[in-house]
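What follows is one structure encoded as structure tokens, with my remarks underneath.
Just so it is clear, none of the values below were taken in a lab; they were calculated from the coordinates. Quick caveat, the model's predicted, so the values are computed rather than measured. Note: ideal-geometry Cβ built from the backbone for every residue, glycine included; neighbour counts use all protein chains shown.
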Amino acid sequence: MSRKPQIVEALGLGPIWQVRDARLAAHPASSWLQAPAQIEAPAPLPMIECASQEQDMAVAMPSPEPASPPASDFTQQPAPNVAPSSTEQPSWEALESAVRSCQLCRLCNTRTQPVFGRGNRHARWMIVGEAPGEQEDRQGQPFVGRAGKLLDNMLAAAGLSPQDDVFIANVLKCRPPGNRNPAGDEIAACQPYLLQQIAHIQPDIILALGRFAAQTLLQTELSISRLRGKVHDYQGHPLIVSYHPAYLLRNPPDKSKAWQDWVLAKRTLA
Ligand code: SF4
């Protein structure tokens with residue numbers, strides 16, 4: 001029996017999934033996570049208005065430095081605790097529908113459309129990025145811009161089909177204006193959708209691309225460099241951390257490190 005989960009937990013790297021505030025309890029995806037087995041359909045979306053445009057402007061201002069979100073952003077994030085069995089879950093279609101009409105955070109004011117994900121929902125691989133960019137927001141698909149082309153090239157190099165072998169999603173389903181960093185409360189509002197997607201897909205391996213994906217799933221503030229090169233555990237799923245393709249476009253020398261991460265992922269899966 002693998003000792004990896006115990007080791008990860010002993011190192012304090014594993015997520016601590018606890019429901020911490022009332023907002024999570026009201027979240028549609030979260031309520032599904034906690035729903036009893038006899039409930040087959042999700043509760044209707046709560047009528048929560050988007051934040052005002054003034055609020056949005058206040059938060060949308062990019063910070064001078066892309067520093068890590070304040071510790072409180074992550075420590076206060078709600079985190080559903082368990083991946084339910086398939087009998088307890090709503091349908092994939094219901095989840096997708098909830099995302100498409102979601103107004104749980106201010107990003108609903110500025111998005112063109114939510115971006116649910118692409119690929120095979122029964123895939124062994126799940127790739128998690130940060131948030132939609134401009135092209136993704138327009139086309140409604142994740143990773144379709146230059147970063148997406150690089151990701152597809154990396155998938156091809158790894159012998160993986162983007163249609164058949166992976167499901168690709170982001171932490172945030174809606175584009176932050178100007179491609180600014182996600183805010184902590186936006187991650188907190190949207191995270192249950194991602195967790196529910198993972199619970200549905202039950203991937204054999206998760207590749208978290210970029211700081212926000214890694215820190216959100218692992219509930220840590222450690223940097224990418226500290227998180228890379230290890231096999232983490234996300235609720236029984238091996239999780240590998242690597243660089244976001246958008247970062248690699250700006251820092252091509254790190255592509256070789258990213259490839260090492262993909263090799264580690266393939267070796268872990270094997
Ligand atoms: S980012 Fe997530 S929580 Fe916010 S409106 Fe979009 S789908 Fe809803």
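Please list 259-269, 106-116 highest first by mean number of surrounding beta-carbon atoms within 10 Å per residue. Can you show the working numbers first?
Working: 259-269: 15.5, 106-116: 20.6.
Descending mean neighbour count gives 106-116, 259-269.
Once fully extended, how much extra length lies between residue 202 and residue 164, figured as 0.36 nm per residue of separation less the alpha-carbon to alpha-carbon distance?
12.2 nm
For the range 129-258, rounded, prolate or oblate, judged on the Cα gyration tensor with a ≥ b ≥ c (square roots of eigenvalues), a/c < 1.5 rounded, else prolate if a/b > b/c? Provide the component values of the computation, followed by the final result.
Values: a/c = 1.16, a/b = 1.01, b/c = 1.15.
Rounded.
How long is the gain from residue 91 to residue 250 if the chain were fully straight, where each residue apart is worth 0.36 nm and the alpha carbon distance is subtracted? It would help to have the intermediate numbers written out before the result.
Numbers: separation 159, 0.36 × 159 = 57.24 nm, distance 3.88 nm.
Stretched out fully, the residue 91 to residue 250 stretch lengthens by 53.4 nm.
Which net charge results when you count Lys and Arg as +1 and Asp and Glu as -1 among the other residues whose beta-carbon is under 11 Å from that of residue 201?
Result for the neighbourhood of residue 201: +1.
Determine by what factor the alpha-carbon radius of gyration of the range 187-270 differs from 2.2 N^0.38 Å, reporting the quotient.
Details: Rg = 12.7 Å, N = 84, 2.2 N^0.38 = 11.8 Å.
The value comes to 1.07.
Based on the Cβ-Cβ distance of residue 157 and residue 122, what FRET efficiency does E = 1/(1 + (r/R0)^6) give at R0 = 22 Å, to the nearest 0.05?
Numbers: r = 23 Å, r/R0 = 1.04.
That pair, residue 157 with residue 122, gives E of 0.45.
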